[in-house]
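Novice: Next up is a structure, given as structure tokens.
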Amino acid sequence: MSSATRFDVLAKAAGRYGDASLDNYALVRSLAERVATGFCRYLGDDRKCVYLVPPEGPFTPVDHGSGAFSVSGQGFLPLGPIRFGLAVRVSDGGDWIRVVISAEKEGPDLDVSIIGGRDFSFRLPVEEARLTEFHDVLFEYLTDWFNDRADHYANGSYGGGEMGFEFIHSDEGDV
């Protein structure tokens, strides 16, 4: 016969949820940090050219730490998809864009979506070769975005009311 109260059962369930949400956050944050540092190396720039930034609202091209994640500032860490932003330097003149990425664990995989772009799946644990493949996808997404808009302009059909990327010009960071 168990002497556990209903509160004990509830507290145990909440504790299990809390452990899972911390694990989820740790997985997503680890991936985000690896994507940010690896993408700058992938681009071949010797200066810092990618920062983790909030997925929405104002941002500056500096590392925002835990503030770069959609769950930042929430009391009880929710268990579900987590979004983060990447500020990517796109010129020598200090121009940056933000790419928003969503990630969630699905069984043995970490599924990633570039908002407005492709989905990608990592088998856990994330292997370096697979990370390089994701950098290829991210690079393709960014270059296609710029080239598509320039092509639309050249052919007389640009604008379309689409928000697109959020551009900023900044002298902050290692520009």
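The values are calculated or read from the model by the stated rules, or taken from the named source; none is laboratory data. This is a predicted model, so every value here is computed, not measured. In this analysis, Cβ positions are derived from the backbone assuming ideal geometry, glycine residues included, and neighbour counts consider all displayed protein chains. To get the accessible areas, we keep the full protein, side chains included, count just its heavy atoms, and leave off ligands, DNA and RNA. Shrake-Rupley method; radii C 1.70, N 1.55, O 1.52, S 1.80 Å.
Novice: With the checklist (1) assigned to a helix (DSSP H, G or I); (2) at positive phi in hand, flag the one item Gly57 doesn't pass.
Specialist: Gly57 satisfies every listed condition except (1).
Novice: Hey, does the range 26-46 have a residue that's over 16 Å from the mean Cα position of the chain (by Cα), charged (D, E, K, R) and closer than 15 Å to Leu138 by Cβ?
Specialist: Step one: of the range 26-46, the residues over 16 Å from the mean Cα position of the chain (by Cα) are 41-46.
If we keep only those that are charged (D, E, K, R) too, we end up with 41, 45-46.
Next, from what is left, pick out any that are closer than 15 Å to Leu138 by Cβ: 41, 45.
Yes - at least one qualifying residue is present in the range 26-46.
Novice: Only one of these conditions is not met by Asn155: (1) modelled with pLDDT under 95; (2) closer than 13 Å to Ala32 by Cβ. Which number is it?
Specialist: Failed condition: (2).
Novice: Hey, another quick one. Would you confirm whether or not the range 135-143 contains a residue that is hydrophobic (A, V, I, L, M, F, W, C) and in a strand (DSSP E or B)?
Specialist: As a first pass, look at the range 135-143 and keep what is hydrophobic (A, V, I, L, M, F, W, C): 137-139, 142.
Now restrict to residues that are in a strand (DSSP E or B): none.
No, the conditions are met nowhere in the range 135-143.
Novice: Is it the case that Arg123 is without any contact (Cβ under 8 Å) to a residue 24 or more places away in the chain and closer than 28 Å to Asp19 by Cα? Quick ask: steps written out before the conclusion?
Specialist: Working: without any contact (Cβ under 8 Å) to a residue 24 or more places away in the chain: yes; closer than 28 Å to Asp19 by Cα: yes.
Spelling it out, Arg123 is indeed without any contact (Cβ under 8 Å) to a residue 24 or more places away in the chain and closer than 28 Å to Asp19 by Cα.
Novice: Go through (1) open to solvent by 40 Å² or more (accessible area, probe 1.4 Å); (2) over 19 Å from Ser113 (Cα atoms); (3) touching a Phe, Trp or Tyr at 6+ places or on another chain (Cβ under 8 Å); (4) among the aliphatic types (A, V, I, L, M) one by one and return the number of the condition Leu77 breaks.
Specialist: Among (1) open to solvent by 40 Å² or more (accessible area, probe 1.4 Å); (2) over 19 Å from Ser113 (Cα atoms); (3) touching a Phe, Trp or Tyr at 6+ places or on another chain (Cβ under 8 Å); (4) among the aliphatic types (A, V, I, L, M), Leu77 violates only (1).
Novice: Ser70 - would you say it is in contact with a Lys or Arg (Cβ under 8 Å, 6 or more places away or on another chain), surrounded by 16 or more Cβ atoms within 10 Å (Cβ to Cβ) and either of a type outside the set (Phe, Trp, Tyr) or under 24 Å from His135 (Cβ atoms) (or both)?
Specialist: Details: in contact with a Lys or Arg (Cβ under 8 Å, 6 or more places away or on another chain): yes; surrounded by 16 or more Cβ atoms within 10 Å (Cβ to Cβ): yes; either of a type outside the set (Phe, Trp, Tyr) or under 24 Å from His135 (Cβ atoms) (or both): yes.
For Ser70, the condition - in contact with a Lys or Arg (Cβ under 8 Å, 6 or more places away or on another chain), surrounded by 16 or more Cβ atoms within 10 Å (Cβ to Cβ) and either of a type outside the set (Phe, Trp, Tyr) or under 24 Å from His135 (Cβ atoms) (or both) - is met.
Novice: Tell me, please, whether a residue that is more than 15 Å from Leu27 (Cα to Cα), surrounded by 15 or more Cβ atoms within 10 Å (Cβ to Cβ), at pLDDT 95 or above and touching an Asp or Glu at 6+ places or on another chain (Cβ under 8 Å) can be found in the range 124-139.
Specialist: For the range 124-139, residues more than 15 Å from Leu27 (Cα to Cα), surrounded by 15 or more Cβ atoms within 10 Å (Cβ to Cβ), at pLDDT 95 or above and touching an Asp or Glu at 6+ places or on another chain (Cβ under 8 Å): absent.
Novice: From Phe7, Phe39, Phe76, Phe84, which residue is at negative phi and part of a loop (DSSP other than H, G, I, E, B)? Spell out the reasoning first.
Specialist: Details: Phe7 fails: part of a loop (DSSP other than H, G, I, E, B); Phe39 fails: part of a loop (DSSP other than H, G, I, E, B); Phe84 fails: part of a loop (DSSP other than H, G, I, E, B).
Result of the check over Phe7, Phe39, Phe76, Phe84: Phe76.
Novice: Sticking with this one: Within the set of pairs 6 or more residues apart or between chains, which connect a residue that is farther than 21 Å from Gly38 by Cα and free of Cβ contacts under 8 Å to residues at least 60 places away in the same chain inside the range 132-152 to a residue that is outside any helix (DSSP H, G or I) and of a type in the set (A, V, I, L, M) with Cβ atoms less than 8 Å apart?
Specialist: From residues that are farther than 21 Å from Gly38 by Cα and free of Cβ contacts under 8 Å to residues at least 60 places away in the same chain, the pairs are Phe146/Val90.
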